[in-house]
Amino acid sequence: MPNLVAIVGRPNVGKSTLFNRLTESREAIVDDEPGVTRDRHYGKSNWNGVEFSVVDTGGYIKGSDDIFEEEIRKQVQIAVDESTSILFMVDVTDGVTQFDKDVANIVRRSKKPVLLVVNKVDNSERNSYAAEFYSLGLGDPFCVSSNSGMGTGDLLDALIKTFPEDSGAIEGSDLPKIAIVGRPNVGKSSLTNALLGEERNIVTSVAGTTRDTIHTRYNKFGHDFLLIDTAGMRKKAKVHEDIEFYSVMRTINAIETSDVCVLMLDATLGIESQDLNIIHLIVKNHKGLVIVVNKWDLIEEKNTMTTKHFEEQIRVSMMPFKDVPIIFTSVTEKQRIMKVIDTAMEVYQNRTTKIPTSKLNEYFLPLIEHYPPPAVKGKIVKIKYVTQIKDTCAFVFFCNSPQYLTDAYKRFLENKFRESFNFTGVPLSFYFRAKS
């Protein structure tokens with residue numbers, strides 16, 4: 001089970017700076033909602049070979065002079081519920097504030113590991129001030145400077161020790177795992193209920209994981225897989241949830257746990273930036289993808305061209321990854337529901353395809369000979385050998401000067417490859433390395 005770390009705390013203590021340092025990037029996972037001036041950030045991190053995900057929960061003001069309002073409490077509570085471990089961040093220059101005490105009360109009651117991170121400790125004098133934070137009752141503080149990186153190594157050493165050795169094996173974990181994801185109100189619950197609501201006697205509930213993600217076994221019509229729930233099967237938290245943030249946390253968990261993601265769109269809204277961010281997350285995690293355009297019955301005066309135009313809009317907005325199956329459905333009318341499952345299983349098969357090295361070279365080397373890489377700065381690149389990395393959809397090209405390969409030529413190779421091999425719905429990774 002992937003490890004998910006949430007950075008919590010009041011605004012302006014340096015959470016985003018620490019996030020940037022841990023992930024070396026800023027990735028927006030959802031778009032700004034009307035009236036709320038913030039977005040959510042998600043990234044991957046790796047420390048000493050241990051990979052984990054990081055969510056910057058942020059802190060924000062929404063039409064109020066009170067910087068710590070109920071919305072922040074909601075987000076902290078959701079982060080506590082959904083994460084493997086918590087980094088609770090405070091600012092040494094401000095000392096212990098009432099806002100810090102409020103957050104501490106929330107995280108202290110959780111059963112999740114919490115590391116107290118005292119930021120902006122960039123000299124010995126400030127290091128002595130950190131002792132004040134023992135009063136929060138969260139153990140020894142980790143003194144860091146997010147800006148310079150000082151102290152983050154010790155923090156990360158301690159963080160990875162909090163990850164469970166076995167996060168809870170899932171019964172039937174060798175089965176394909178399919179997650180239904182998307183923004184709120186696109187029909188995830190309706191599709192889940194349509195799939196599981198009938199013949200429940202042949203659907204067996206499976207024990208959840210440490211973060212309470214529910215896996216339900218679907219075993220009928222010739223298919224056998226685990227359906228990963230993001231559509232409300234989980235019991236609601238004891239707080240009134242920030243639905244947008246809650247959906248982000250659940251989406252991250254579901255995507256990282258899955259093999260194939262079924263992304264649902266609302267036909268009446270089209271594809272929006274929030275959908276594209278979820279697609280980016282799926283691609284980043286190398287998961288299979290099926291796009292389902294729901295509520296197609298609500299589109300009036302449609303014809304064959306309407307479908308083609310809508311599909312083209314989606315593919316253009318997704319570029320360069322556009323080799324994805326797109327299905328138009330009406331879940332309430334039970335239109336093409338089984339096609340969703342059939343297609344998701346086809347994508348799973350594509351994702352697990354292994355191509356022998358000999359076959360790869362038989363295909364690529366003549367192609368490269370006929371269409372060689374363009375010379376850059378007088379340098380001629382010669383690709384000599386291709387192989388697939390074990391248990392992945394990643395391919396390594398060994399060549400003399402990989403740094404001179406253009407992005408356009410890399411896309412050319414991938415496009416030609418997709419024309420000859422069926423990897424529809426699967427993000428591919430092409431790596432170019434110097435041959436020693």
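Do we have Val347 as under 20 Å from Leu265 (Cα atoms), assigned to a loop (DSSP other than H, G, I, E, B) and open to solvent by less than 30 Å² (accessible area, probe 1.4 Å) here? No, not satisfied. Any idea which residue in the stretch 99-130 is least open to solvent (accessible area, probe 1.4 Å), counting only those that are of a type in the set (S, T, N, Q) and closer than 15 Å to Val8 by Cα? In this case the residue turns out to be Asn119. For Asp100, the stated conditions hold: it is assigned to a helix (DSSP H, G or I) and in contact (Cβ under 8 Å) with a residue 40 or more places away in the chain.
Here's the yes/no breakdown for (1) of a type in the set (A, V, I, L, M); (2) touching a strand residue (DSSP E or B) at 6+ places or on another chain (Cβ under 8 Å); (3) under 30 Å from Val292 (Cα atoms):
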site	(1), (2), (3)
Ile341	yes, yes, yes
Glu346	no, no, yes
Glu362	no, no, no
Leu365	yes, yes, no
His370	no, no, no
Pro374	no, no, no
Lys384	no, yes, no
Asp391	no, no, yes
Phe397	no, yes, no
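Filtering the stretch 240-289 to residues that are modelled with pLDDT under 85 and assigned to a loop (DSSP other than H, G, I, E, B) leaves His240, Glu241, Asp242.
On the stretch given as the stretch 342-381, residues that are charged (D, E, K, R) and in contact with a Ser or Thr (Cβ under 8 Å, 6 or more places away or on another chain) total 2.
How about the stretch 131-140: which of its residues are in a helix (DSSP H, G or I), touching a residue at least 12 places away in the same chain (Cβ under 8 Å) and open to solvent by 70 Å² or more (accessible area, probe 1.4 Å)? Answer for the stretch 131-140, where residues must be in a helix (DSSP H, G or I), touching a residue at least 12 places away in the same chain (Cβ under 8 Å) and open to solvent by 70 Å² or more (accessible area, probe 1.4 Å): Glu132, Ser135.
Is it the case that some residue within the stretch 417-434 is assigned to a loop (DSSP other than H, G, I, E, B), open to solvent by 80 Å² or more (accessible area, probe 1.4 Å) and farther than 30 Å from Pro325 by Cα? No: the stretch 417-434 contains no residue that is assigned to a loop (DSSP other than H, G, I, E, B), open to solvent by 80 Å² or more (accessible area, probe 1.4 Å) and farther than 30 Å from Pro325 by Cα. In the stretch 268-309, which residues are over 13 Å from the mean Cα position of the chain (by Cα) and open to solvent by less than 30 Å² (accessible area, probe 1.4 Å)? Within the stretch 268-309, Gly270, Val290, Ile291, Val292, Val293, Asn294, Trp296 qualify. Scanning the stretch 301-312 turns up one or more residues that are in contact (Cβ under 8 Å) with a residue 40 or more places away in the chain and more than 22 Å from Asn415 (Cβ to Cβ).
Note on the stretch 352-379: residues that are open to solvent by 100 Å² or more (accessible area, probe 1.4 Å) and touching a residue at least 60 places away in the same chain (Cβ under 8 Å) total 0. When residues in the stretch 288-320 are screened for being of a type in the set (A, V, I, L, M) and more than 19 Å from Val186 (Cβ to Cβ), 3 of them pass.
Would you check if there is a residue in the stretch 69-76 being surrounded by 15 or more Cβ atoms within 10 Å (Cβ to Cβ), at pLDDT 85 or above and not in a loop (DSSP other than H, G, I, E, B)? No, there is no match, as no residue in the stretch 69-76 is surrounded by 15 or more Cβ atoms within 10 Å (Cβ to Cβ), at pLDDT 85 or above and not in a loop (DSSP other than H, G, I, E, B).
The conditions of being at pLDDT 80 or above, touching a Cys at 6+ places or on another chain (Cβ under 6 Å) and over 29 Å from Val260 (Cβ atoms) are not met by Asn119.
The values are calculated or read from the model by the stated rules, or taken from the named source; none is laboratory data. Model, not experiment: these values are computed from the prediction. Cβ atoms come from the backbone with ideal geometry, glycine included; neighbour counts cover every protein chain shown. We work out accessible area using only protein heavy atoms, side chains counted, and drop any ligands, DNA or RNA first. Shrake-Rupley method; radii C 1.70, N 1.55, O 1.52, S 1.80 Å.
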